[in-house]
1. Give the residue that is most open to solvent (accessible area, probe 1.4 Å), with candidates limited to residues of segment 111-144 that are among the hydroxyl-bearing types (Ser, Thr, Tyr) and within 18 Å of Phe184 (Cβ to Cβ).
2. Would you mind finding the one in Ala73, Ala96, Ala4, Ala102 that is open to solvent by less than 100 Å² (accessible area, probe 1.4 Å) and without any contact (Cβ under 8 Å) to a residue 40 or more places away in the chain?
3. Conditions: (1) within 23 Å of Glu172 (Cβ to Cβ); (2) surrounded by 14 or more Cβ atoms within 10 Å (Cβ to Cβ). Asp108 meets all but one. Number of the miss?
4. Look through Ala206, Ala156, Ala199 and report the one residue that is more than 25 Å from Pro100 (Cβ to Cβ) and in contact (Cβ under 8 Å) with a residue 12 or more places away in the chain.
5. Quickly run through segment 149-179 and pick out the residues that are open to solvent by 40 Å² or more (accessible area, probe 1.4 Å), touching a Phe, Trp or Tyr at 6+ places or on another chain (Cβ under 9 Å) and farther than 26 Å from Ser117 by Cα.
6. Got a number for residues in segment 76-93 being out of contact with any Gly (no Cβ under 7 Å at 6 or more places or on another chain) and either within 28 Å of Lys196 (Cα to Cα) or in contact (Cβ under 8 Å) with a residue 12 or more places away in the chain (or both)?
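The values are calculated or read from the model by the stated rules, or taken from the named source; none is laboratory data. If you're wondering where the values come from, they're calculated on a predicted model, not measured in any experiment. We place every Cβ from the backbone using ideal geometry, glycine too, and count neighbours over all the protein chains shown. Heads up: the accessible areas ignore ligands, DNA and RNA and are worked out on the full protein's heavy atoms, side chains in. Shrake-Rupley method; radii C 1.70, N 1.55, O 1.52, S 1.80 Å.
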Amino acid sequence: LNFAKIKGLHTAMKSGLVAAEAVFEALHQGDEGGRELTAFTEKWEASWAYRELDESRSFGPAIHKYGTVGGGAYNFLDQLVGGKLPTLHDTTPDHATLKPAAECEKIDYPKPDGKLSFDKPSSVFLSNTNHEEDQPCHLKLADPELPIRDNLPTYAEPAQRYCPVGVYEVVEDDAGQPKFQINFQNCIHCKTCDIKDPAQNITWVAPEGGGGPNYPNM
């Protein structure tokens, strides 16, 4: 992702093209697999996409460290000189920045009006996401009991909020007890859960059959 442009599809496509070139060259030279494709790293670092991302590497950390105004000024100068200012870093993992629910005020979100704001099911529909329902869930929990045991009382189980398409829900079971439910069919592969879960309990793995979002008009 080029944070300065909020665009990443072009760089993702370029990285895929570079990977394909590296694989093709290895096969052409008789490589039967099993070895590290060091040519990919070399080709990637020589590409325009690497240079573009390198020049905007400090954009996010600058905003986080100096705020909107100060970070914006830093980034303006950094972009002006081609990313040559000192590199800034986010040293705290994203999952470690969550505050306990008791320290936060409850947000009263207005109902979506269908014009400027929309509900999650409508957005999932637009993404054309599809996974075969009889395949194994591709969102793995290291400890299946942790969401209800730890995350729910401490963080009000944040997965049901940070997931943009309602994959994670806390529902009641037949005995009226809270249950952590994963609607993996809705997953659009953003991997927010893999990154943001405070206990790093969720791991995203590739689903079967190439399932996932399909944006036909892009």
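1. If we take residues in segment 111-144 being among the hydroxyl-bearing types (Ser, Thr, Tyr) and within 18 Å of Phe184 (Cβ to Cβ), then Ser123 is most open to solvent (accessible area, probe 1.4 Å).
2. After applying the criteria, what remains is Ala73.
3. Going through (1) within 23 Å of Glu172 (Cβ to Cβ); (2) surrounded by 14 or more Cβ atoms within 10 Å (Cβ to Cβ) one by one, Asp108 breaks only (2).
4. The unique qualifying residue is Ala206.
5. Leu152
6. Of the residues in that region, 12 qualify.
Matching residues to (1) closer than 26 Å to Ile195 by Cβ; (2) part of a loop (DSSP other than H, G, I, E, B):
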{"site": "Glu21", "(1), (2)": "no, no"}
{"site": "Asp31", "(1), (2)": "no, yes"}
{"site": "Glu36", "(1), (2)": "yes, yes"}
{"site": "Gly60", "(1), (2)": "yes, no"}
{"site": "Ile63", "(1), (2)": "yes, no"}
{"site": "Gly67", "(1), (2)": "yes, no"}
